[in-house]
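What follows draws every value from the coordinates through simple rules; no lab data is involved. These numbers were taken from a predicted model, which means no experiment stands behind them. Please note: Cβ atoms are built from the backbone with ideal geometry, for glycine as well, and neighbour counts cover all protein chains shown.
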Amino acid sequence: MRFRLSSVFGAPHWPTVVLTYGIGAAGGFAAKAAHLPLPMLMGSLLAVGAAAIAGLRPLGRLPQAPQGFRMIAIPVIGVAIGGSARPEILAQVAGWLPSLAALCLFIPVVHYLGYRLYAAQGADRLTAFYGAAPGGLIETVQMGEEAGADIQMLAMLQFLRLILTIVFVPLAFTWMEGHAVGSAGGARVTGTALGPGDVAVLLACGIAGAVAGVRLRLPAGHVLGPILLSGAAHVTGLTAAVPPGWMIGATQVVIGTALGVRFAGMARSRILVALRMALVNTSFVIALATLFAFAVAPLVGEPVRAVFLAVAPGGLIEMGLIALSLNMSILYVTAHHLLRIILAVSIARAFGRRVRKD
């Protein structure tokens, strides 16, 4: 039986696909030159999303990006997130139990209140529920799409939640500290040099993790599986390497481009509505995260700023970079963001069925 590309990627117009990814890559590099947070993901999403919203037709067709490419790329992000774990976490995690336990309460409360806020502002129940998840942009958008939510509005709400957080939080810290922080501050999180054994381990974590995660019906298993296997491999010292920067950047372009094409035909008025709703929700969540930080910091012996960064609903990488540039415990911040993502995705999966029934 002959393999057909259409069985995985559908039947797109491939010259348009190539041009669409070119637009995404150009947007990513432009965002990187402007020192924006998570530039390859946000830049590609903005560039392709803007082209789609404007109705531009490269080669006579709207921008296209087969979703099959996104599904192949997502495990790379899972492996990279899991690569943030280190053996030292095991020695320090006992002191973090109060804030880890509090986070298990904080995430469902924030999700529920955010859901109510979005619903009160006019979003339908499914879109409000998945749009309010305080983590896992890629995973919650996919789950919401499968459940029948308004995919354009959902993707826009999740995108705005992430970008508002990872833009305003670094700017606020830059203002408070008097110097650039995060990716704008030049901080970098890296692993050891990749050897043949590391490549084999990371490949196994990505492929086996995605397959196992899907078959075991883990929430967003194609990304959670690689996170768990990669985290285990790094905590046990099996490897200390992470996927190379160019691969993570390329993966972000693939994901950002795939999300950006979803906005084709979306009215500008709906974008303004999404921005209004996201501003209200994100401001509310950041305020709750601030209260959480002041309440929990004395229990774990960490600075209030570190606890805030550990629960802020932004990107794990960017929040970790801010912690690194301020000489805070990146292990503390990373561990909480790993739990935040897992909790957000798990809660969305567990209670999404009830919302669909209602």
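List of remarks:
- Each part reduced to its alpha carbon centroid, region 64-93 and region 239-265 end up 11 Å apart.
- Student exercise, the chain dipole from Lys, Arg, Asp, Glu Cβ charges, in Debye to nearest 20: 960 debye
- From helices alone, the chain scores -24000 deg cm²/dmol at 222 nm; the rule is -39500 (n - 2.57) for each run of n ≥ 4 DSSP H residues, then divide by the residue total.
- 3J(HN,Hα) from dihedral phi, region 101-112, Karplus parametrisation 6.51/-1.76/1.60, rounded to Hz, x for glycine, proline: 5, 5, 5, 5, 8, 4, 5, x, 5, 4, 4, 5
- All-pairs alpha carbon distance profile, region 227-309, 5 Å steps from 0, percent: 3, 11, 9, 9, 11, 17, 19, 13, 6, 2, 0
- Check: region 202-358 dipole with +1 on Lys, Arg Cβ and -1 on Asp, Glu Cβ, in debye: 800 debye
- The phi-based Karplus calculation (6.51 cos²θ - 1.76 cosθ + 1.60; θ = phi - 60°) puts the 3J(HN,Hα) values of region 26-34 at 4, x, x, 5, 5, 5, 5, 5, 8 Hz, whole numbers, x for Gly and Pro.
- Each residue, LEU113 and PHE351, gets one label point 7 Å from its Cα in the Cβ direction; the gap between the two is 1.3 nm.
- Two-decimal Rg to Rh for the chain - Kirkwood Rh, Cα set: 0.95
- Of ALA233, LEU103, ALA51, farthest towards positive along the dipole that unit charges on Lys, Arg, Asp, Glu beta carbons give the chain: ALA51
- Take the Cα of VAL304, step 7 Å toward its Cβ, do the same at ALA204, and the gap between the two points is 4.7 nm.
- Tail weight of P(r) past 21 Å, computed on alpha-carbon pairs of region 81-177, percent: 49 percent
- Placing unit charges on each Cβ (+1 for Lys and Arg, -1 for Asp and Glu) gives the chain a dipole about its Cα centre, and among LEU164, GLY195, GLY148 the Cα reaching farthest toward its positive end belongs to GLY148.
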